[in-house]
1. Stokes-Einstein D for the stretch 24-191 at 20 °C, 1.002 mPa s, Kirkwood Rh over Cα pairs, in µm²/s?
2. Run through the stretch 113-186 and list the trypsin sites (Lys or Arg not before Pro) located in a DSSP loop whose Cβ has at most 11 other Cβ atoms within 10 Å.
3. What's the ranking of 77-89, 25-37 by average number of surrounding C-beta atoms within 10 Å, highest first?
4. Please give, to one decimal in nm, the separation of the simple spin-label points placed at GLU169 and LEU64, each 7 Å out from Cα toward the Cβ.
5. Using alpha carbon centroids, what distance separates the stretch 157-192 and the stretch 25-63, in Å?
6. Of the candidates GLY152, GLY172, GLY59, which one comes out as most mobile in a Gaussian network treatment of the chain with C-alpha springs shorter than 10 Å?
7. Restricting to lysines 8 or more places apart or on different chains, can you count the pairs in the chain with Cα atoms under 22 Å from each other?
8. Whole-Hz Karplus ³J(HN,Hα) for the stretch 98-105, in order, using 6.51 cos²θ - 1.76 cosθ + 1.60 and θ = phi - 60°, x for Gly and Pro?
Amino acid sequence: MSSEVANTAKLEKQPAGLYLCFFAEMWERFSYYAMRGILVLYLIKVLEFSESHASRFYGAVTSLIYLSPLIGGYIADRFWGQRRAIICGGILIALGQFAIAAHPSLMFLYMGITLIVLGNGLFKPNISTLVGELYEKNDPRRDAGFTIFYMGINLGAFICNFVAGTLAEKVGFHWGFAAAGIGMVLGLTVFV
């Protein structure tokens, strides 16, 4: 009876790589949602966009963010592999956040957003693929593993509002974007 319990516990234990992916994704989502949370306010208050222009810009950025994984997944599958794509994507995201934080100008905004979109395309689809590859085809732990992984996404999205949003509003927007960049660096550090 006790060996049966030990075998069941052994079967239910998640792979160690899941927790690395959990924290890497948590910090990446911290970075992304921090940027999303303060972007429109930054555009209106600092760069003096009209509300309609800021809204259209935000919509364009969001659509590019959600389209970019098509290219990033292709690059990883055909050329780089998931690990290299995730690392390069994380570096691009961090550089993009720091670019926006560096100087309140359209040039730095466009450069930063471009880097974030490209980085997201490389990072986002490939870390999810990596989680899937931690399990055999019919492994019963797979669903629970993805649930744990998605909790990292939610945790990062929740925490960022208290950190980056508060810094942006109370200290300055560049501090909010810098916090988003630091979050991505933390995620990369965990992953590497």
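We did not get these values from a lab; they are worked out from the coordinates using the rules stated. Every value quoted in this text rests on a predicted model; they were computed, and no experiment measured them. Note that each Cβ is placed from the backbone with ideal geometry, even for glycine, and that neighbours are counted across all protein chains shown.
1. 133 µm²/s
2. In loop regions of the stretch 113-186 (DSSP not H, G, I, E or B), the sparsely surrounded trypsin sites (Lys or Arg not before Pro) are LYS137.
3. 25-37, 77-89
4. 2.8 nm
5. Cα centroid of the stretch 157-192 versus Cα centroid of the stretch 25-63: 14 Å apart.
6. For the chain, modelled as a Gaussian network with Cα springs under 10 Å, the answer is GLY59.
7. Close lysine pairs found across the chain: 4.
8. Those phi angles translate into 5, 5, 5, 5, 5, 7, x, 9 Hz.
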